[in-house]
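To keep things clear, I will list the structure first and then write my remarks on it.
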Amino acid sequence: MRIHKIFVLTRWLPWLALLLMPGVGGCALMAQEAAVAPGSPSEPIRYIGKEHVVPELADGGLPLAVGVQNYQVLRSSRLYPSSDGQGWTFFHAPMLAYWHGKFYAEFIASPVMENGIPTEVMMATSRDGRNWSMPEVIFPQWDSYQDPRRPRRSQLHQRMGFYGAPNGKLLVVSHYGFWDNQKNHIFGGPGHVLREVHEDGSLGPIYFIRYGEGWNASNAFYPFYRESPDRDFVRACDDLLANPFVTDQWYELEKGYPPDAYIQIPGSNPAKSGAEADENRKALSYYHRQDGAAVGIWKMAWAATSTDGGKTWSVPVVAPGFARTFAKLWGQRTSDGRFAIAYDPQGEPLGYRWPLAVATSDDGITFDHLLVVHGEVPLRRYAGLYKDPGPQYVRGIEEGSPQPPDGAMWLTYSVGKEDIWVSRIPVPIRQAVETPVNDTFDNLEPGGVVTNWNIYSPKWAPVAVVPFPSAQNRSLQLQDADPYDYARAIRVFPESRKGSLAFKVLAQRPLTGELDIELADAHSHRPVRIVLNSGGQVEVAKGSAITDVTNYLSDRWLSFQIDFDTAHQTFSLTLDGKAAVRDAAFAEPAQTLERLSFRTGPYRPVALNQNGNGELVGDIDTSTDHPLAQPAVFYVDDVRSQSH
């Protein structure tokens, strides 16, 4: 408290001094206030929340955004190349689009590490955002050309991926360049390329849309876009080049060349390149506020505004309250007219890239309520240069492009730079549930959105509503054939000091895995812990002790009722109507409870030193990194909550 008071006093001393200065006082103070007015060029955005991120927790100990569904697009595996067709283990920098009833995810790929050789750009598609196709190569490694100034093979990367043109064309974009892995920056290259995505999913020819410095039609290896016989395609490319909010995302990769092709930022020097380039020009995200002003957000929480349609930016400033993350920030206006910014809220110098969280705003200026979108950090399976753990490099669907009809906020990102994921965030974005839970799943579409549930669904450990035990009597299924990950489903219920949860669980024969059931608070404290282990026992944590309380049978529903009382820090467990535990002590303290979690694997805190960051180190044991022959399968049904 004393430290807080000193901080507050120190913060206001300059203002007090101004007020006490003769003849200055009010005028100087008003001038200072005007200079930092929220939404002004001096402060385009601000985060005012007070959340504290706990780095040892995968979700940071933050509240959940209710009803978020996380689905894996691609899972890398050297032993199971059917995951990507190649057996590569580096996938990163994903981009997302929705067009003619289908999602498109674009991302870079390499056999081992970031900026490796070869690199390719791949694309996967999905009708529902949950089930994704095998990705295909859309921009291949160019093997036969060497830069005469510095011989080496070009590499692919992108800061912007899709453009939905006004004439209905969908263009997918990437960049051929040269990277310096020691300094981790680009130093030019042939330039930006693109191709059309046709309505049937087929792809048009590859063209250059803008050359890098020193490159032109005489030495580039694809034709220039104006050579296309398709005039509508050419017009779509012209529209892209005329949109400065889109092309300004190319600044870093093109090292500011040509200098007159970018939005002008006071203090910027387009002649600079690579690591010398302005740090406020990396990975631009943008949206338009209700007053028509555009807000630009770059890496490290740099922000600026444009009020002239993108001709100029204000001087970039570091957005107060936002973590200075190098893992990208994504801002957008949501379908309810509000605003959201998604990012990893652990900034430099730690730079941990978890959890992926979202902050919301009514006006696109002042943001609050930092909520978890993706709160899982699986152990990286494969080593590689610059392979940071956690969900990172988040991107959404570009402003002005076609949007999914469900009104949700959709995001894509990589996890550990070896798997690609998407998240569906229901709108309005919220952190609390006000009404008691009464979920039978009978009114939900099999394989569809699991309404109000937070779902973590890897490719080899899917979570879905299924017609079991019958077409009319449906349930939630958690499968797990992944030796290094798990399936998880969380139901947020009304925050309660005293209450009860009831539900049914069926474990399918044979018993090959475990199901962990937990009650938790908004900050991931887990006072109630129950495990259905593979030996057929129900284990319960009573304080610090783990006790077998009974056996359970496969292929048979087991009814649970958990009664909890945070005032006494105790809970009781009833199984099939019989008391199994009475007034057991919490495993850890909690003042209220609001989450019911089902997980097909043990709890995993984040290993802060897992495999190291940056340097190439040994893989973990991946001798079984393929789907298990016999997955564990559990069903959950008839979930109800009650507050007392």
(request) From Leu370, Leu350, grab the single residue that is more than 17 Å from Glu56 (Cα to Cα) and either outside any loop (DSSP other than H, G, I, E, B) or touching a residue at least 60 places away in the same chain (Cβ under 8 Å) (or both). (result) Leu370
(message) Tell me the residue from Phe468, Phe441 that is touching a residue at least 40 places away in the same chain (Cβ under 8 Å) and either on the phi > 0 side of the Ramachandran plot or outside the structural domain of Asp638 (by TED's automatic domain parsing) (or both), please.
(response) Phe441
(request) Give the residues of the range 96-111 that are more than 16 Å from Gly161 (Cα to Cα) and either crowded, with 21+ Cβ neighbours inside 10 Å or in contact with a helix residue (DSSP H, G or I) (Cβ under 7 Å, 6 or more places away or on another chain) (or both), sorted by residue number. (result) Ser110
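Return the residues of the range 285-306 that are of a type outside the set (A, V, I, L, M), in a loop (DSSP other than H, G, I, E, B) and more than 19 Å from the chain's Cα centre (by Cα); say none if nothing qualifies.
Quick first cut of the range 285-306, residues of a type outside the set (A, V, I, L, M) only: 285-292, 296, 298-299, 302, 305-306.
This time we only want the ones that are in a loop (DSSP other than H, G, I, E, B), so: 289-292, 298.
Of everything in the range 285-306, those that are of a type outside the set (A, V, I, L, M), in a loop (DSSP other than H, G, I, E, B) and more than 19 Å from the chain's Cα centre (by Cα) turn out to be Arg289, Gln290, Asp291, Gly292.
Assigned to a loop (DSSP other than H, G, I, E, B) and of a type in the set (S, T, N, Q): does that describe Ser401?
Values: assigned to a loop (DSSP other than H, G, I, E, B): yes; of a type in the set (S, T, N, Q): yes.
Yes.
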(request) Kindly indicate whether any position in the range 11-22 is at pLDDT 95 or above, surrounded by 11 or more Cβ atoms within 10 Å (Cβ to Cβ) and more than 18 Å from Lys459 (Cβ to Cβ). (result) no
(request) Pairs only if they're at least six apart or on different chains, beta carbon under 7 angstrom, first in the range 571-600 and in contact (Cβ under 8 Å) with a residue 40 or more places away in the chain and under 29 Å from Val66 (Cα atoms), second assigned to a strand (DSSP E or B) and acidic (Asp, Glu); list them, first residue then second. (result) Phe571/Asp563; Thr592/Glu495; Glu594/Glu495; Ser597/Glu518; Arg599/Asp516; Thr600/Asp480
(request) Could you list all residues from the range 570-611 that are under 35 Å from the mean Cα position of the chain (by Cα), at pLDDT 95 or above and not in a strand (DSSP E or B)? (result) Phe586, Ala587, Glu588, Pro589, Ala590, Gln591, Thr592, Thr600, Gly601, Pro602, Tyr603
(message) Take the conditions in the same structural domain as Ser82 (by TED's automatic domain parsing), buried (at least 20 other Cβ atoms within 10 Å of the Cβ) and at pLDDT 95 or above and apply them to Ser154. Does it pass?
(response) no
(request) Tell me, please, whether a residue that is over 16 Å from Thr574 (Cα atoms), among the basic types (Lys, Arg) and either out of contact with any Cys (no Cβ under 8 Å at 6 or more places or on another chain) or not in a loop (DSSP other than H, G, I, E, B) (or both) can be found in the range 509-517. (result) yes
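Filter the range 308-323 for residues that are surrounded by fewer than 22 Cβ atoms within 10 Å (Cβ to Cβ), on the phi < 0 side of the Ramachandran plot and at pLDDT 95 or above and give the result. Reasoning before the result, please.
Going through the range 308-323, the residues surrounded by fewer than 22 Cβ atoms within 10 Å (Cβ to Cβ) turn out to be 308-312, 314-315, 317-318, 320-321.
This time we only want the ones that are on the phi < 0 side of the Ramachandran plot, so: 308, 311-312, 314-315, 317-318, 320.
Correct list: Pro320 only.
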(request) State all residues of the range 174-230 that are modelled with pLDDT of 95 or more, of a type outside the set (Ser, Thr, Tyr) and assigned to a loop (DSSP other than H, G, I, E, B); if no residue qualifies, say none. (result) His198, Gly204, Pro205, Ile206, Pro223, Pro229, Asp230
(request) Tell me which of these Asp260 doesn't satisfy, since it passes every other one: (1) modelled with pLDDT of 60 or more; (2) within 27 Å of the chain's Cα centre (by Cα). (result) (2)
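Checking the conditions here, which among Asn219, Asn243, Asn167 is assigned by TED's automatic domain parsing to the domain that holds Gln403 and in contact with a Gly (Cβ under 9 Å, 6 or more places away or on another chain)? Break it down into steps so the answer makes sense when it comes.
Numbers: Asn219 fails: in contact with a Gly (Cβ under 9 Å, 6 or more places away or on another chain); Asn167 fails: in contact with a Gly (Cβ under 9 Å, 6 or more places away or on another chain).
From the options Asn219, Asn243, Asn167, the qualifying one is Asn243.
Please report, ordered by residue number, the strands (runs of 3 or more DSSP E) entirely within the range 438-491 with at least 1 residues that are of a type outside the set (Lys, Arg), over 20 Å from the mean Cα position of the chain (by Cα) and crowded, with 20+ Cβ neighbours inside 10 Å. Step through it out loud before you land on a result.
Details: elements: 453-457, 463-466, 475-480.
The qualifying strands (runs of 3 or more DSSP E) are 463-466, 475-480.
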(request) Note down all Cβ pairs under 6 Å where the first residue falls in the range 400-416 and is under 19 Å from Arg430 (Cβ atoms), the second is among the acidic types (Asp, Glu) and at pLDDT 95 or above, and they're at least six residues apart or on different chains. (result) none
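Does Phe233 count as in a helix (DSSP H, G or I) and touching an Asp or Glu at 6+ places or on another chain (Cβ under 7 Å)?
Spelling it out, Phe233 is indeed in a helix (DSSP H, G or I) and touching an Asp or Glu at 6+ places or on another chain (Cβ under 7 Å).
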(request) Looking at (1) outside the structural domain of Asn70 (by TED's automatic domain parsing); (2) in contact with a Phe, Trp or Tyr (Cβ under 8 Å, 6 or more places away or on another chain); (3) not β-branched (Val, Ile, Thr), find the lone condition where Gln392 falls short. (result) (1)
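Does Glu114 satisfy the condition of being assigned by TED's automatic domain parsing to the domain that holds Pro378, over 22 Å from Ile429 (Cα atoms), crowded, with 23+ Cβ neighbours inside 10 Å and not β-branched (Val, Ile, Thr)?
Values: assigned by TED's automatic domain parsing to the domain that holds Pro378: yes; over 22 Å from Ile429 (Cα atoms): yes; crowded, with 23+ Cβ neighbours inside 10 Å: no; not β-branched (Val, Ile, Thr): yes.
In short, no.
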(request) Mind telling me which of the residues Arg526, Arg556 ends up being surrounded by fewer than 21 Cβ atoms within 10 Å (Cβ to Cβ), closer than 26 Å to Leu371 by Cβ and at pLDDT 95 or above? (result) Arg526
(request) Filter the range 307-344 down to residues that are more than 17 Å from the chain's Cα centre (by Cα) and among the hydroxyl-bearing types (Ser, Thr, Tyr) and give me whichever is farthest from Asp362 (Cα to Cα). (result) Thr312
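The values are calculated or read from the model by the stated rules, or taken from the named source; none is laboratory data. Treat the numbers as computed from the prediction; the structure is a model and nothing was measured. Every residue, glycine among them, receives a Cβ derived from its backbone with ideal geometry; neighbour counts consider all protein chains shown.
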